Amino acid sequence: MNFKIIKALVVKEAKQIKRDPSNWVVAFIFPILLLVIFGYGLSFNIENIGIDLVMHDTGKLSQDLANSYTDSKYFNTNVVYSLQDAKGNLEAGKTQGIVIIPENFSKNFVSESKKPSIQIISDGSDPNTAVYIEGYAEGIFSRWMMKQLNARPPINIIDRIWFNPSTETVNFMLAGALTMILSIAGAFMTSMVVAREWERGTMEALISTPVSIWEIIASKIIPYFVLSVVAFVFSLVVSKILFGVPFEGSVFATSLVTSIFIIVALLIGLIISNATKDQFNASMGVMAVTFLPTMMLSGFIFEIKSMPMWLQLITYAFPARYYVACLRTLCLVGDVWPIILRNAAVLLSMATGLALVLRKNIKKKIA
């Protein structure tokens with residue numbers, strides 16, 4: 001390859017990027033929108049769940065237990081005295097659960113022959129919320145019981161949550177959001193610009209010149225690689241400012257794996273644009289190949305191990321799976337090199353294969 005030719009073509013592409021406002025929207029506005037949506041809108045930290053607390057017993061102990069529920073940040077508790085009212089609210093969707101303090105609860109508590117208990121009812125139409133309601137309600141009741149009995153358990157269990165001690169969803173989601181930003185931004189920008197050149201005939205003019213295929217590929221990748229890196233750093237800074245997400249990895253490890261993934265995304269965009277030669281079809285192809293797999297099959301939201309085996313095998317074909325694993329490790333744990341190198345090696349092999357496929361499909365002749 002002639003590096004002078006590559007430099008001239010890169011300068012031409014840079015001027016085109018500067019003139020086209022859509023590139024700046026994809027590189028900077030689009031990441032902010034995604035980060036805000038995923039950071040504020042997508043959360044597994046469920047709080048203020050609406051429940052009815054049915055008081056069939058109004059003794060002092062029952063009132064104290066009721067205060068434990070009304071003071072909890074997990075529940076928005078409405079105290080009622082009729083089970084029928086609570087059922088009506090649950091059926092109407094006004095609440096998601098019911099906690100019943102039965103009759104003689106206070107009496108059973110002080111009795112040696114009977115064990116005090118409560119009943120928890122949750123709306124199973126939303127299984128995820130129903131599980132949270134049961135867990136939170138049981139936890140509040142257990143802590144209240146221990147407080148009343150003034151007893152220490154025979155085994156003192158001290159729990160620790162590693163890597164994400166605050167259990168904030170946004171810390172877990174950051175890796176997937178950044179992966180989606182790079183997948184769509186990188187592939188979208190290259191696919192649209194090349195498809196536009198095919199539509200306008202400038203690509204045909206370019207391949208008719210004494211420029212090699214590798215020089216054309218390099219000139220398309222280099223400027224958008226730089227723009228993607230800037231978009232990644234910008235997104236990382238924005239996520240740190242808005243959500244205070246941790247980032248435990250080193251700059252070197254992050255740069256290594258991110259650079260390889262960006263190249264993979266850019267090559268995917270070039271292959272799609274070269275195959276479709278149409279902006280609309282190119283954009284649809286990019287969405288199908290990058291957006292949906294990143295959202296559904298990368299481990300970003302849904303745990304891969306919980307999927308059927310045949311679907312787990314399909315996930316190995318998508319680069320986002322490997323980058324999410326690397327970036328999530330770098331964000332929450334640090335430089336765990338066995339994970340980073342293993343996934344980076346797969347991404348590097350994908351980049352090599354995609355480059356060879358692109359080289360084979362771009363012809364130095366006008367059909």
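Values as computed for the structure displayed
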read-out	value
Test: residue in segment 266-278 that is assigned by TED's automatic domain parsing to the domain that holds I184, more than 30 Å from E204 (Cα to Cα) and surrounded by fewer than 23 Cβ atoms within 10 Å (Cβ to Cβ)	no
In segment 241-253, the residues that are part of a helix (DSSP H, G or I), exposed (fewer than 14 other Cβ atoms within 10 Å of the Cβ) and modelled with pLDDT under 90	I241
Options S72, S62; residue that is within 30 Å of K240 (Cα to Cα), of a type in the set (S, T, Y) and not in a strand (DSSP E or B)	S72
Segment 198-217: number of residues that are buried (at least 17 other Cβ atoms within 10 Å of the Cβ) and of a type in the set (G, A, S)	0
Candidates L313, L327 - the one that is farther than 19 Å from I184 by Cβ and either of a type in the set (A, V, I, L, M) or touching a residue at least 60 places away in the same chain (Cβ under 8 Å) (or both)	L313
Flag for L236 being surrounded by 14 or more Cβ atoms within 10 Å (Cβ to Cβ) and within 14 Å of F28 (Cβ to Cβ)	yes
The one condition in (1) within 21 Å of N361 (Cα to Cα); (2) at pLDDT below 90; (3) assigned to a helix (DSSP H, G or I); (4) among the aliphatic types (A, V, I, L, M) that V238 fails to fulfil	(1)
Exclusive hit being touching a residue at least 24 places away in the same chain (Cβ under 8 Å), at negative phi and aliphatic (A, V, I, L, M), set V11, V25, V54	V54
Filter result for I51 (surrounded by 21 or more Cβ atoms within 10 Å (Cβ to Cβ), in a strand (DSSP E or B), of a type in the set (V, I, T) and touching an Asp or Glu at 6+ places or on another chain (Cβ under 9 Å))	no
Helices (runs of 4 or more DSSP H) contained in segment 254-348 and holding at least 1 residues modelled with pLDDT of 90 or more, of a type in the set (A, V, I, L, M) and more than 27 Å from T169 (Cβ to Cβ)	309-315
Segment 75-97, subset part of a helix (DSSP H, G or I) and touching a residue at least 12 places away in the same chain (Cβ under 8 Å), residue surrounded by the fewest Cβ atoms within 10 Å (Cβ to Cβ)	D85
Some residue of segment 2-16 being of a type in the set (G, A, S) and within 34 Å of the chain's Cα centre (by Cα)	yes
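Conditions tested, residue by residue: (1) in a helix (DSSP H, G or I); (2) without any contact (Cβ under 8 Å) to a residue 12 or more places away in the chain.
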site: V99; (1), (2): no, no
site: E103; (1), (2): no, no
site: F109; (1), (2): yes, no
site: K114; (1), (2): no, yes
site: G124; (1), (2): no, yes
site: V131; (1), (2): yes, yes
site: E134; (1), (2): yes, no
site: E138; (1), (2): yes, no
site: Q148; (1), (2): yes, no
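Each row is one residue, and each column tells you yes or no for (1) assigned to a helix (DSSP H, G or I); (2) hydroxyl-bearing (S, T, Y).
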position	(1), (2)
F163	no, no
N171	yes, no
L178	yes, no
I181	yes, no
I184	yes, no
A187	yes, no
V194	yes, no
Y224	yes, yes
L227	yes, no
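The values are calculated or read from the model by the stated rules, or taken from the named source; none is laboratory data. Remember, it's a predicted structure, so these values are computed and weren't measured experimentally. Every residue, glycine among them, receives a Cβ derived from its backbone with ideal geometry; neighbour counts consider all protein chains shown.
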